[in-house]
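The numbers here are math on the coordinates, done by the rules we state, and not lab data. Computed from a predicted model, the values in this text were never measured in an experiment. Glycine also receives a Cβ, built like all others from the backbone with ideal geometry; neighbour counts cover every protein chain displayed.
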Amino acid sequence: MSPLELALSCPKAELHLHIEGSLEPELAFALAARNGIDFPYASVEALRAAYDFADLQSFLDLYYACADVLRTEADFHDLMLAYLRRAREDQIIHAEVFFDPQTHTARGIPFETVLRGLRAGAEAARSEWGMSTQLIMSFLRHLSEEDAFATLEQAMPFIDQIDGFGLDSSERGHPPSKFERVFARCRELGKPVVAHAGEEGPPAYIYEALDLLKVGRIDHGVRASEDPALMQRLAREGMPLTVCPLSNVRLRVFADMRQHSLPALLAQGLVVTLNSDDPAYFGGYLGANIRAVHAAFGFDAPTWQTLIANSFRASFVSAAQRAAWIAQVDAHFASA
Ligand code: HPA
Ligand code: ZN
């Protein structure tokens, strides 16, 4: 098998996936019809044609607008199951999935409706295919810390069903420091915390995520390459970065894939993982990200083995489970 075929066929984990960003136009139209919503696009094709983004904010505007079709527990179930069915085709056996409760509670959808639907979808994939899923509740950073605290309060009755906390949405002008207190509270609950940092924002935001939010992973982090001292620190601390190559190109963080900082991050020995972010909007799921990276950089088999082993190494499952999955990756590459 070629290095690319080995990578595609290997069991893997996805650690940076927004469930709302897996809403395909076809499902959006079906849910709009089911819920009697007048969706402001003429057709699936017209909606897809709108997927031409200048930056993060232009994407987020459409992403939040499309989320309006998600209304009932069944909608969230169907969304989760559709993603996990598709993820399975890319040999994903474990997914740590972000959801944005404030996008829904702000529209009057109860927190419980969102969580129950997503959990039911994950449970269906577990019983059908043995897939493992965790849920990471993300705070919207363009909203206030007070709003984040109120959302955490709504989550408390269901806290056992939430596996971690994250921070996403518009990065520029909304530094991690804005959420220092709410993240301290999340850590007191004994949950892992992560934050988007260094996607569009500067390396300073990555330092804040590390020092103030005390995250266990950095989501994106691709602008770390601009700061050699930060790169050394991330390597020394073994701090994982959940990198999303197609997302970065579609949102013009890099002009094209060949300009991506991924090779520089790997050369520094960082614990990089590959992920799809919002695959319905950015031109593909994890397999497509792997193909696009391979087309640009032509990595050898050991590099692919490292990237895929990292997806388990950086996951929030038990050490024993991580070791078992990494052994599966090593066996897969050794069989070549
Ligand atoms: N960045 C920030 N917020 C997001 C993203 C992203 O890539 N996707 C969904 N919410
Ligand atoms: Zn993201």
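When Leu265 is tested against (1) assigned to a loop (DSSP other than H, G, I, E, B); (2) in contact with a Ser or Thr (Cβ under 7 Å, 6 or more places away or on another chain), only condition (1) is not met.
Give the residue, chosen from Val243, Val222, that is over 24 Å from Gln91 (Cα atoms) and crowded, with 24+ Cβ neighbours inside 10 Å. So that I can check it myself, show each step before the final result.
Numbers: Val243 fails: over 24 Å from Gln91 (Cα atoms).
Of the residues listed, the single one that is over 24 Å from Gln91 (Cα atoms) and crowded, with 24+ Cβ neighbours inside 10 Å is Val222.
Has segment 72-82 got at least one residue that is within 30 Å of Ile308 (Cβ to Cβ), surrounded by fewer than 18 Cβ atoms within 10 Å (Cβ to Cβ) and away from ligand 1 (no atom under 16 Å from the Cβ)? Scanning segment 72-82, I find no residue that is within 30 Å of Ile308 (Cβ to Cβ), surrounded by fewer than 18 Cβ atoms within 10 Å (Cβ to Cβ) and away from ligand 1 (no atom under 16 Å from the Cβ), so the answer is no. Taking the conditions exactly as written (within 22 Å of Leu6 (Cα to Cα) and within 16 Å of ligand 2 (Cβ to nearest atom)), does Thr303 satisfy them or not? So Thr303 fails the test. Tell me, yes or no, whether segment 19-29 has at least one residue that is over 15 Å from the mean Cα position of the chain (by Cα), part of a loop (DSSP other than H, G, I, E, B) and more than 16 Å from ligand 1 (Cβ to nearest atom). Looking for residues that are over 15 Å from the mean Cα position of the chain (by Cα), part of a loop (DSSP other than H, G, I, E, B) and more than 16 Å from ligand 1 (Cβ to nearest atom), one finds none in segment 19-29, hence no.
Checking the condition hydrophobic (A, V, I, L, M, F, W, C) and over 30 Å from Gln321 (Cα atoms), which residue from Leu152, Leu143, Leu189, Leu135 passes? Talk me through it step by step, then tell me what you get.
On the way: Leu152 fails: over 30 Å from Gln321 (Cα atoms); Leu189 fails: over 30 Å from Gln321 (Cα atoms); Leu135 fails: over 30 Å from Gln321 (Cα atoms).
Testing whether each residue is hydrophobic (A, V, I, L, M, F, W, C) and over 30 Å from Gln321 (Cα atoms) leaves just Leu143.
For segment 36-76, a residue qualifies if it is within 23 Å of Val114 (Cα to Cα), hydrophobic (A, V, I, L, M, F, W, C) and assigned to a helix (DSSP H, G or I), and the qualifying residues are Phe59, Leu60, Leu62, Ala65, Cys66, Ala67, Val69, Ala74, Phe76. Within the bounds of segment 110-133, is there any residue that is under 30 Å from Ile290 (Cβ atoms), within 14 Å of ligand 1 (Cβ to nearest atom) and in a strand (DSSP E or B)? Scanning segment 110-133, I find no residue that is under 30 Å from Ile290 (Cβ atoms), within 14 Å of ligand 1 (Cβ to nearest atom) and in a strand (DSSP E or B), so the answer is no. Taking first residues from segment 56-72 that are more than 18 Å from Ala32 (Cα to Cα) and partners that are assigned to a helix (DSSP H, G or I) and among the aromatic types (Phe, Trp, Tyr), the Cβ contacts under 9 Å between residues at least 6 apart in sequence or on separate chains come to Phe59/Tyr281; Phe59/Phe282.
I'd like the residue in segment 186-224 that is among the hydrophobic types (A, V, I, L, M, F, W, C) and within 12 Å of ligand 2 (Cβ to nearest atom) and, out of all such residues, is farthest from the chain's Cα centre (by Cα).
Let us first name the residues in segment 186-224 that are among the hydrophobic types (A, V, I, L, M, F, W, C), namely 186, 189, 193-195, 197, 204, 206, 209-210, 212-213, 215, 218, 222, 224.
Right, trim to within 12 Å of ligand 2 (Cβ to nearest atom) and you get 194-195, 197, 218, 222.
Numbers: Val194: 11, Ala195: 10, Ala197: 13, Ile218: 11, Val222: 14 Å.
Going through the qualifying residues, I end up with Val222.
Given Glu96, Glu89, Glu14, Glu24, which one is surrounded by 23 or more Cβ atoms within 10 Å (Cβ to Cβ), under 30 Å from Val272 (Cβ atoms), in contact (Cβ under 8 Å) with a residue 24 or more places away in the chain and in contact with a helix residue (DSSP H, G or I) (Cβ under 9 Å, 6 or more places away or on another chain)? Selected residue: Glu14, the only one of Glu96, Glu89, Glu14, Glu24 that is surrounded by 23 or more Cβ atoms within 10 Å (Cβ to Cβ), under 30 Å from Val272 (Cβ atoms), in contact (Cβ under 8 Å) with a residue 24 or more places away in the chain and in contact with a helix residue (DSSP H, G or I) (Cβ under 9 Å, 6 or more places away or on another chain).
In this structure, Asp163 does satisfy being crowded, with 16+ Cβ neighbours inside 10 Å, more than 16 Å from ligand 1 (Cβ to nearest atom) and closer than 18 Å to Asp100 by Cβ. Where residues in segment 234-284 are within 15 Å of ligand 2 (Cβ to nearest atom) and among the acidic types (Asp, Glu), which of them is farthest from Asp52 (Cα to Cα)? That would be Asp277.
Give me the pairs: first residue in segment 231-259 and within 20 Å of Leu210 (Cα to Cα), second residue more than 16 Å from ligand 1 (Cβ to nearest atom) and among the small types (Gly, Ala, Ser), beta-carbon distance under 7 Å, and six or more apart or on different chains, which are they? Close Cβ pairs satisfying both conditions: Met231/Ser225; Ala235/Gly269; Pro240/Ala314. For segment 288-336, a residue qualifies if it is in contact (Cβ under 8 Å) with a residue 40 or more places away in the chain and of a type in the set (D, E, K, R), and the qualifying residues are Arg291, Asp300, Arg313.
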